[in-house]
Amino acid sequence: MVLSAKMKRTIIMRVSYLHYVKKYNRFEKRHRNIPCHCSPCFEPTAGDIVTVGQCRPLSKTVRFNVLKVEKNQIFGNPRKQFRLF
């Protein structure tokens, strides 16, 4: 899911996942923000669902390329969304 598309040819993608805590026999929510290179042919906006693939290092932090963009499937604040069903 795209969190920010304010940089030139780079987006910030948020990956949300569940982490199991064995001690408490429960799951906790975690997330990771991943900078991704975005080709000019894609025009993602905040809330879009993107598919990314790993590539060689393009900069200090960018290690992924955008492969596919599915237009806005998130309504409301993208930071508050955890999962689509």
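Observations, loosely collected:
- Matching residues, the range 1-16, being modelled with pLDDT of 95 or more and in contact with a Ser or Thr (Cβ under 7 Å, 6 or more places away or on another chain): Ile11, Ile12
Residues checked against (1) surrounded by 13 or more Cβ atoms within 10 Å (Cβ to Cβ); (2) in a strand (DSSP E or B); (3) within 9 Å of the chain's Cα centre (by Cα):
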residue: His19; (1), (2), (3): no, yes, no
residue: Glu28; (1), (2), (3): no, yes, no
residue: Cys36; (1), (2), (3): yes, yes, yes
residue: Leu58; (1), (2), (3): yes, no, no
residue: Val69; (1), (2), (3): yes, yes, no
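- The residue that is modelled with the highest pLDDT, among those in the range 17-76 that are of a type in the set (Ser, Thr, Tyr) and under 16 Å from Met1 (Cα atoms), is Thr51.
- Set side by side, the residues Ser59, Ser4 differ, and just one is out of contact with any Asp or Glu (no Cβ under 6 Å at 6 or more places or on another chain) and within 17 Å of Asn77 (Cα to Cα), which is Ser4.
- Some residue of the range 1-16 being within 15 Å of Val66 (Cβ to Cβ), in a loop (DSSP other than H, G, I, E, B) and touching a residue at least 60 places away in the same chain (Cβ under 8 Å): yes
The values are calculated or read from the model by the stated rules, or taken from the named source; none is laboratory data. Note that the structure is a prediction, hence the values are computed from the model and not measured. Cβ coordinates were reconstructed from backbone atoms using ideal geometry, including for glycine residues, and neighbour counts include every protein chain displayed.
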